[in-house]
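First up is the structure itself, then whatever we jot down about it.
The values are calculated or read from the model by the stated rules, or taken from the named source; none is laboratory data. Please read these numbers as outputs of a predicted model, since none were measured by experiment. Note that each Cβ is placed from the backbone with ideal geometry, even for glycine, and that neighbours are counted across all protein chains shown.
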Amino acid sequence: MHAELLIHAEWILTVDPENRQLTDHAIAIADGRIQAILPYAEARRTIQAEQTVELPGHVLIPGLVNAHTHAAMSLLRGLADDLPLMTWLHEHIWPTEGRWVDASFVADGTRLAVLEMLRGGVTCYNDMYFHPEVTAQVTAEAGMRAVIGMIVVDFPTGYAASSDEYIAKGLALHERYRDHPLIRVAWAPHAPYSVSDEPLQRVATLADELGVPIHIHLHETRDEVENAVNAHGERPFARLDRLGLIGPSLASVHMTQLEDAEIARLAETGASVVHCPESNLKLASGFCPVARLLEAGVNVALGTDGAASNNDLNLLGEMRTAALLGKGVSGSASAVPATEALRMATINGARALGLDSEIGSIELGKSADLVALDLRDPHTQPLYHPVSQLVYAAGRHQVRQVWIQGQQVIRDGAPTTLHLAEVLSEAQVWGARIGE
Ligand SMILES: [Zn+2]
């Protein structure tokens, strides 16, 4: 059998339905897809590969999926910390965005975020921000995979003047990336408190017609829910359900306030929850009941949120925090085990984005979106269980090789599609301007 690339890793965590862990196996890749997974001794006999990559001491995993971020906000990292959500948004983030966010801000901020994510083993991200056509272009140029949000809010910004214009621009973006191998789109109404009923209803209808996901912040804080109940007598979840948004295409982000009936409704409709533990901790937003959601059979993915509320786009760190917080919140040390945290950061994220037949696990026929981490480091030795080292001890500097669709985007820790020094100097120019 002929292959373009043969990757031989000491351990492979497949994240397949059985969570198989393979030792001393190889993966053959042709046309950007996983063509064979077999013991290395057999691969040497049967596969003629154009290139072979040897990874002793490395664990190979599916590319990580960051299921919620605002990539361009990387330029606002560290601008306003240690503040509650509404003060942070109204007094700092929104005024700064109003003054500075334009197409070039989004291009430079997205490039910084993409570089950070690739170097941390993230191969796909789900974005929500203004000027999504710029985000899509920068991401595609870097050879990264993303689901780009067709953002909708009620208020005017430099990007669009009305919810009608946001939706029209979203439809144009959908048309433009219809058959793109790396870029997909999703409707991204910002939140129940920033989008009114009529555009939300249109989004529900259009998501159905176009077969794309809906990505929305929901029940982020207790205040959000209480304010809605006081003003309209209805919880935001109930309102979205009434408007037709709760269903299998929904990726609802945060969900720190959940009643049993809402958890049951999520499970029954096949909706996904995107858990952002570090953003919730930093903004003191509350705790998503992850163990209860998983127990009910709800698909739970992981996101970093934007770099202004995290402050990094580190999904390895997010896995660890999710595993630790899940135990603390549920009072059970066996809640959110390492294997489950890895599933949340890979296959569950893919499922939340409607991409689970394409990415999220190492299985035959799937896209070769792969990440190799070198575990030969003092803090990941000795090695009893690779998944434990990965979730509870590994750091991003151990991500050495990253492939997306079989194309190598990180080689020996360095980017192949982006220029590190240029990306850093662009970020520094913005920092000097915004911080003055
Ligand atoms: Zn967010």
- [ ] Kindly list, by first and then second residue, each pair from a residue in the range 271-290 that is charged (D, E, K, R) to a residue that is in a loop (DSSP other than H, G, I, E, B) and within 15 Å of the ligand (Cβ to nearest atom), limited to pairs with Cβ atoms under 9 Å and residues at least 6 apart or on different chains.
- [x] 278/304; 278/305; 278/310; 278/311; 278/312; 282/305; 282/310; 282/311
- [ ] Working only within the range 286-309, note down all residues that are surrounded by fewer than 24 Cβ atoms within 10 Å (Cβ to Cβ) and within 16 Å of the ligand (Cβ to nearest atom).
- [x] 286
Open item on the list: Of all residues being under 22 Å from residue 367 (Cβ atoms) and of a type in the set (Asp, Glu) in the range 122-152, which is farthest from the chain's Cα centre (by Cα)? Just the residue, please.
Closed with: 141
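Here is a yes/no grid of residues against (1) closer than 21 Å to residue 217 by Cβ; (2) more than 24 Å from the chain's Cα centre (by Cα); (3) at pLDDT 95 or above:
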site	(1), (2), (3)
17	no, no, yes
27	no, yes, yes
37	no, yes, yes
58	no, no, yes
101	yes, no, yes
TODO: Go through the residues of the range 336-351 one by one and say whether even a single one is buried (at least 17 other Cβ atoms within 10 Å of the Cβ), outside any helix (DSSP H, G or I) and not hydrophobic (A, V, I, L, M, F, W, C).
DONE: yes
Task: Whichever residue in the range 159-192 is of a type in the set (Ser, Thr, Tyr) and in a helix (DSSP H, G or I) and, among such residues, is surrounded by the fewest Cβ atoms within 10 Å (Cβ to Cβ) - done: 163
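May I ask you to say which residue of 229, 212, 203, 195 is on the phi < 0 side of the Ramachandran plot, surrounded by fewer than 17 Cβ atoms within 10 Å (Cβ to Cβ) and among the hydrophobic types (A, V, I, L, M, F, W, C)?
Details: 212 fails: surrounded by fewer than 17 Cβ atoms within 10 Å (Cβ to Cβ); 203 fails: surrounded by fewer than 17 Cβ atoms within 10 Å (Cβ to Cβ); 195 fails: surrounded by fewer than 17 Cβ atoms within 10 Å (Cβ to Cβ).
The conditions single out 229.
Does residue 240 satisfy the criteria of being touching a helix residue (DSSP H, G or I) at 6+ places or on another chain (Cβ under 8 Å) and away from the ligand (no atom under 13 Å from the Cβ)?
Judged against the criteria, residue 240 is a match.
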Open item on the list: Just checking, does the range 317-325 include any residue being away from the ligand (no atom under 15 Å from the Cβ), under 23 Å from residue 73 (Cα atoms), among the hydrophobic types (A, V, I, L, M, F, W, C) and assigned by TED's automatic domain parsing to the domain that holds residue 68?
Closed with: yes
Task: Which listed residue is closer than 28 Å to residue 412 by Cα, away from the ligand (no atom under 16 Å from the Cβ) and assigned to a helix (DSSP H, G or I), from 133, 116 - done: 116
Task: Selected residue (only one of 208, 197, 179 is more than 23 Å from the chain's Cα centre (by Cα) and in the same structural domain as residue 135 (by TED's automatic domain parsing)) - done: 197
TODO: Mind listing just one residue for me: the one in the range 234-255 that is over 24 Å from the mean Cα position of the chain (by Cα) and small (Gly, Ala, Ser) and, of those, farthest from residue 149 (Cα to Cα)?
DONE: 238
Task: Test result for residue 72, over 15 Å from residue 157 (Cβ atoms), in the same structural domain as residue 341 (by TED's automatic domain parsing) and within 16 Å of the ligand (Cβ to nearest atom) - done: no
- [ ] Note down all Cβ pairs under 6 Å where the first residue falls in the range 26-54 and is under 14 Å from residue 8 (Cβ atoms), the second is surrounded by 12 or more Cβ atoms within 10 Å (Cβ to Cβ) and among the polar types (S, T, N, Q), and they're at least six residues apart or on different chains.
- [x] 28/35
TODO: Could you look through the range 270-289, keep only residues that are of a type outside the set (D, E, K, R) and in a helix (DSSP H, G or I), and pick out the one that is nearest to residue 256 (Cα to Cα)?
DONE: 280
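Among the residues in the range 14-30, are any in contact with a Gly (Cβ under 6 Å, 6 or more places away or on another chain) and crowded, with 18+ Cβ neighbours inside 10 Å?
Yes, the conditions are met somewhere in the range 14-30.
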TODO: Mind counting the residues in the range 409-425 that are over 14 Å from residue 111 (Cα atoms), surrounded by fewer than 14 Cβ atoms within 10 Å (Cβ to Cβ) and of a type in the set (A, V, I, L, M)?
DONE: 1
TODO: Return yes when residue 214 is closer than 19 Å to residue 354 by Cα and within 16 Å of the ligand (Cβ to nearest atom) and no when it is not.
DONE: yes
- [ ] Confirm whether residue 245 is of a type in the set (A, V, I, L, M), crowded, with 20+ Cβ neighbours inside 10 Å and either more than 16 Å from the ligand (Cβ to nearest atom) or within 30 Å of residue 396 (Cα to Cα) (or both).
- [x] yes
Open item on the list: Take residue 258 and tell me if it is assigned by TED's automatic domain parsing to the domain that holds residue 217, on the phi < 0 side of the Ramachandran plot, away from the ligand (no atom under 16 Å from the Cβ) and touching a Cys at 6+ places or on another chain (Cβ under 8 Å).
Closed with: yes
Open item on the list: Just to be sure I understand, how many residues within the range 352-396 are acidic (Asp, Glu) and outside any loop (DSSP other than H, G, I, E, B)?
Closed with: 1
Open item on the list: Would you confirm whether or not the range 87-97 contains a residue that is part of a loop (DSSP other than H, G, I, E, B), in the same structural domain as residue 308 (by TED's automatic domain parsing) and out of contact with any Ser or Thr (no Cβ under 6 Å at 6 or more places or on another chain)?
Closed with: no
